[in-house]
Every structure is written in structure tokens, then in C-alpha cells.
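Note sheet for the following structure.
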Amino acid sequence: MPFRHAGDKNFWLDIFRGLKRLGHELRIVSVMVEDVPDDGLPIHRVPPIPIHFRPDQRMNVKHNHLAGTNNYVSKTISLPRLIRAVRRVRSEFRPDVIHFVENYGPAMLALRAAFPRIPMSISAPTYQPNRPLYDLFLEASFASFDTIVPFSDAYQRRLMELRYRPDRVRMIRWGIDTERFSPPTGVQREAARKELGLPADALVSFWTGFIQQTTEDDFHAAVKTANLVLDRGGSKFAFLFCLKPEHFKESFRASERPGLRVFGSAEAFHAARLAADVFLSPIQDARSTAAPPLAWLEALAMGIPILTTNIPGSEEAVVDGVSGLRVRSPEVASERLLELASNEGQLQRLREGARQVAVDRYSVDRSLAEYLELWSGLANGPRGRAHPRKSVNPSDAPDAQ
């Protein structure tokens, strides 16, 4: 199961532990910049080849070594190294199925020749047609795989629009441990607010980035929402903006004002999430299809409703008026927050709905059962696989977008 891991793929680590718990054998070939604790899992690390052909605007200078592997050029030239590592693992372990959780681009066309008789599947979390010929490159990167696993109904529908065979696409939502992520107690919430110096009665919103699909445009949209609210509501509100250390830049502090603070540590993020009433998480690129990000699912499981933009796929996690609110602009988002501050009943209903949606739709145990069903079907089918090269009829395929 090759996958790209930088210490934040908690879903896959939960899946791997679940497989071991159920008595299944697995090997993990992981492209990782740095060593991380394996927690008893059979992880074989493959160092990527960094390529610094242009600055990654989402990374600060201290973490430039990560930016060099977060692009398709690096992934493309690292792919042969990954394939060789999988071949070495196969010399002592014969897998029934190989599953990729990371898309390495059109170069993956070579995978079928490298592993001609082993069923293969691939995860497809996000759809972001932000480059010319995106759909053609996507088809090439999926060509070797018997089954494509989109994480949302919206992405599955998009693949159907692109003429992928229905029997080759299997939607499986990813998920989180809904026992580990649960609503904080009143004592925990109060302690977190005290740690952050927040008024006990303030409506607290937090933003975090850069999570999957979010960019600096989304950061600025969230800041605009915060400013609109603070200009009208003042001390009744608090906004906490939390970035990972590799993404934090001192320039972001220019957005700070009374009621709006910017942090760059994991400790501040965990305190902010415990203290929060609302997860403010706009995504500005309307071409995207929401996965949704794991950070959304963790927040929902903790009973934190999400305020986001109305892009394809967002409605699957953010059920409007049930687990959160979907809007089209910072101006409307600010109005929704002002309304929530004066309607504790609505806020409480959203908290309860957020938790329920997480439990009903995004349990990692459900994901594990569905992946096991998929992989068992691939391993036990005719030769274990379908015919991926026939999955898209060139005469039927739409023009690239």
C-alpha cells in the first residue's frame, strides 16, 4: 500500500491499525520526507527526490525542504524509486491488492507494466481542475488502476461525467475515530478559553490552514468575514486563526486586531478547537470538489458546526442548517455568525447535528469495512481485476477542461 505520508495521514494510520487488529497482513511503502514513529506498523520509508523549481507560497522558508516534494515534478521523478521499493517488498510478501492513496500524476501509466498481475486501486480525495489538460492527465494517472475510490458523491458524479465506467468507480468516504474525537466537556471548553484569554460568553470561531484545498485566498476570505463581524459585534466575538508551523509566516500577524489572533503552533490549534463554537472554513475555488478535509470531520465529531462556502461536495459534510451553514460570500458568512450569537438554540442544534453527521457518515470503522469489501472483491474476482484501459472510450470522452 504505497502512500505519501508526512505525519498527518491519521485516517490511513487508523485503517492500517484496523487491518492488523482484524488479522490481515499488510506492508506499507511510504514516501516520506522525514522519519516518523511507525507505531508498530510495517512501514518502509522511501525518501522523495525534492525539486525546487518555484517557491511554494504556502510554505515558510524554514520548511522549504517540504515544499520541494509537494509538486508533481518531484512526485514524477520519485515514482521509479517508489516502484523499486514495492518490488523489493514483493520479494518477501505477495500482496493480493496494491492500493495507492496518493496520485503521482500521468507517470503512473507505467504501473500496470510494473505489476501486471496484481489488482490495484487508488484513492481520489479531491478534484481541482486548476491546470490546462487536467482531465486528460487525470485519466492517464488512473489508467493502470482497476478501481478508483473517490471520497465524495460529488467526485464520483464528476467521474461519471468524464465517462469512467461505473463498475470501475467505488465511492468510499474517509473518516475518523468518532470515539477519539468527541465533544469536549464544559470543563475542557472553559479551560481552553481561559488558556487563550477568551471571554466565557464570546462566540468563538476558529480557522485552520492550510488544510486540503485551502490557500491564502481562503485565509483572507475568513479574515474579511471576521472583520465584518468584529466591526459590528465587537467583544461578543473572538476569531482564532491557526496555522501549522510550516505554513506560519509573521506577515499573517498583520491581520491581528482586538478579537482576532493568529497562531502558528499545534498547541494553540488544539486549544482553539476545544474553545470553538464554529469552524470558519471557506474554500474560494469554485472549481474544486470538496473531499471534505479531515479537519472538517474531526470538528464535526467534536460537535463543532462548520461555516463554509457552497462548492460541490461541501453539502455532504456540511448539511445546511443541520451540521453547519453554507454561504456564498464573506458578507453572508458574517450575517450568519451574527445570527448565531443571538440564537443559542440554533447553535445547540447545529452542535448536535454536527456530531450526528460525523457518526452517521464518517466513522473510520465504516470506511474500513467498505475498503475490505472492495479489496476482497478485487482479490477474488476474475484474475482479480477488470480492464482499466477500456474504462474510458476515447470517442465518448469530453474535451479536457
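The values are calculated or read from the model by the stated rules, or taken from the named source; none is laboratory data. Note that the structure is predicted; figures quoted are calculated from it, not measured. Because the Cβ atoms are built from the backbone with ideal geometry, glycine has one as well, and the counts that use them run over all protein chains shown. In case anyone asks, the SASA skips ligands and DNA or RNA and just uses the protein heavy atoms, side chains included. Shrake-Rupley method; radii C 1.70, N 1.55, O 1.52, S 1.80 Å.
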Listed by first then second residue, the pairs whose first member lies in the stretch 319-347 and is among the basic types (Lys, Arg), whose partner is open to solvent by 50 Å² or more (accessible area, probe 1.4 Å), with beta carbons under 6 Å and at least 6 positions apart or on separate chains, are ARG326/ASN310; ARG326/ASP320; ARG328/ASN310
Scan the stretch 183-192 and tell me whether some residue there is touching a strand residue (DSSP E or B) at 6+ places or on another chain (Cβ under 9 Å) and open to solvent by 70 Å² or more (accessible area, probe 1.4 Å). no
Note down all Cβ pairs under 9 Å where the first residue falls in the stretch 165-179 and is open to solvent by 50 Å² or more (accessible area, probe 1.4 Å), the second is of a type in the set (Val, Ile, Thr), and they're at least six residues apart or on different chains. ARG165/VAL392; ASP167/THR147; ARG170/THR147; ARG170/ILE148; ARG170/VAL149
Of all residues making up the stretch 56-93, the number that are modelled with pLDDT under 75, charged (D, E, K, R) and crowded, with 18+ Cβ neighbours inside 10 Å: 1
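For the subset of the stretch 317-356 comprising residues that are among the polar types (S, T, N, Q) and more than 22 Å from the chain's Cα centre (by Cα), which member is least open to solvent (accessible area, probe 1.4 Å)? First the steps, then the outcome.
First, pick out the residues of the stretch 317-356 that are among the polar types (S, T, N, Q): 323, 329, 334, 342-343, 346, 348, 356.
Now restrict to residues that are more than 22 Å from the chain's Cα centre (by Cα): 329, 334, 342-343, 346, 348.
Details: SER329: 32, SER334: 7, SER342: 101, ASN343: 60, GLN346: 48, GLN348: 73 Å².
It comes out as SER334.
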Output the residues belonging to the stretch 145-155 that are surrounded by 22 or more Cβ atoms within 10 Å (Cβ to Cβ) and not aliphatic (A, V, I, L, M). PHE145, ASP146, THR147, PRO150, PHE151, SER152, TYR155
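Please pick out the residue among ALA272, ALA268, ALA221 that is in contact (Cβ under 8 Å) with a residue 24 or more places away in the chain, over 17 Å from PRO305 (Cα atoms) and in contact with a Cys (Cβ under 6 Å, 6 or more places away or on another chain).
Numbers: ALA272 fails: over 17 Å from PRO305 (Cα atoms); ALA221 fails: in contact with a Cys (Cβ under 6 Å, 6 or more places away or on another chain).
Criteria check complete, one pass: ALA268.
Grab the helices (runs of 4 or more DSSP H) fully contained in the stretch 87-183, keeping just those with 2 or more residues being basic (Lys, Arg). Don't jump to the end; show me each part of the working.
Values: elements: 111-114, 134-142, 153-161.
Passing ranges, in order: 153-161.
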ASP217 meets each of (1) more than 20 Å from PRO292 (Cα to Cα); (2) open to solvent by 50 Å² or more (accessible area, probe 1.4 Å) with one exception, condition (1)
Conditions (1) touching a helix residue (DSSP H, G or I) at 6+ places or on another chain (Cβ under 9 Å); (2) open to solvent by less than 60 Å² (accessible area, probe 1.4 Å); number of the one not met by LEU374: (1)
Across (1) hydrophobic (A, V, I, L, M, F, W, C); (2) open to solvent by 10 Å² or more (accessible area, probe 1.4 Å); (3) more than 30 Å from ALA113 (Cα to Cα); (4) at pLDDT below 95, ALA386 clears everything bar (3)
Looking at ARG336, ARG326 in this structure, which one is in a strand (DSSP E or B) and not hydrophobic (A, V, I, L, M, F, W, C)? ARG326
So, in the stretch 237-256, how many residues would count as being in contact (Cβ under 8 Å) with a residue 24 or more places away in the chain and in contact with a strand residue (DSSP E or B) (Cβ under 9 Å, 6 or more places away or on another chain)? 13
Listed by first then second residue, the pairs whose first member lies in the stretch 110-131 and is more than 30 Å from PRO312 (Cβ to Cβ), whose partner is open to solvent by 30 Å² or more (accessible area, probe 1.4 Å) and aliphatic (A, V, I, L, M), with beta carbons under 6 Å and at least 6 positions apart or on separate chains, are none
